[in-house]
Amino acid sequence: MNNDHVPYKLLLEADPSKEMVDNYLLEGSCFVVVYKEDIIGVMIITEASQYENEIVNLAIKEKYRGKGLAKQLITSACDYSRKKGKQSVIVGTGNSSINQLALYQKCGFRIDYVKKNYFLENYAGSIVENGIPCLDMVMLKKIIG
């Protein structure tokens, strides 16, 4: 995907750091959901290890949320990873990302571990979601193989 067609507005909804998003794009595979020539969903997957892929960015345009598109992208990530010979898929989200934590668990992911102070140490500004300071990265894992 060249920079002229990168859906930065959507990608930056999931991760406010353009530098991080650019690194994900360089290292990973980007999947998009298109409706009437408009990108309404996006997901980036990177290789975390020989055995595991990681969903590093997933976003759906606000007016299309709640219609199962994120679940479809997550299913696609698991199918793609399985075809690549991976045994699991991981994803990290903020401790304050209540909807995302629920979504991943509904899709069969389980909390694996927590990266304490991840957002304090890796992002310049403070992040607050649902009235909760986003401090820690909650890592979830789904066994697929």
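The values are calculated or read from the model by the stated rules, or taken from the named source; none is laboratory data. In this text, all values refer to a predicted model and were calculated from it rather than measured experimentally. Methodologically, a virtual Cβ is constructed for each residue, glycine included, from the backbone with ideal geometry; neighbour enumeration extends over all protein chains shown. Ligands, DNA and RNA are stripped out before the accessible areas are found, and what is left, the full protein with its side chains, is counted by its heavy atoms. Shrake-Rupley method; radii C 1.70, N 1.55, O 1.52, S 1.80 Å.
Of note:
- Mean projection of the Cα convex hull over all viewing directions, computed for region 59-145: 6.3 nm².
- Two-site label geometry, S49 and K9: point separation in nm, points 7 Å out along Cα→Cβ: 3.9
- Using a probe of 1.4 angstrom and keeping all protein chains present, the accessible surface of the chain works out to 59 square angstrom per residue.
- Tail beyond 18 Å, pair distance distribution of the chain (Cα, percent): 56
- Per-residue ³J(HN,Hα) for region 61-76, Karplus 6.51 cos²θ - 1.76 cosθ + 1.60, θ = phi - 60°, Hz, x for Gly and Pro: 4, 3, 5, 9, 5, x, 10, x, 5, 5, 4, 5, 5, 5, 4, 4
- Once the C-beta distance of K18 and K83 is scaled by a Förster radius of 30 Å, the resulting FRET efficiency is 0.50 to the nearest 0.05.
- Equivalent-ellipsoid semi-axes of region 1-65, from the Cα gyration tensor, Å, largest first: 20, 13, 11
- Amide H to amide H distances under 5 Å link K61 with G41, where only residues 5 or more positions off or on other chains count and H is placed in the peptide plane.
- Remark on E129: its backbone amide H falls under 5 Å from those of C134, a criterion applied only to residues 5 or more positions apart or on other chains, H modelled at 1.01 Å from N.
- Computed over neighbours whose Cβ is under 15 Å from that of L101, the net charge equals +3, Lys and Arg +1, Asp and Glu -1.
- Chymotrypsin sites (Phe, Trp or Tyr not before Pro) restricted to region 1-97 and DSSP loop, no more than 15 other C-beta within 10 Å: Y51
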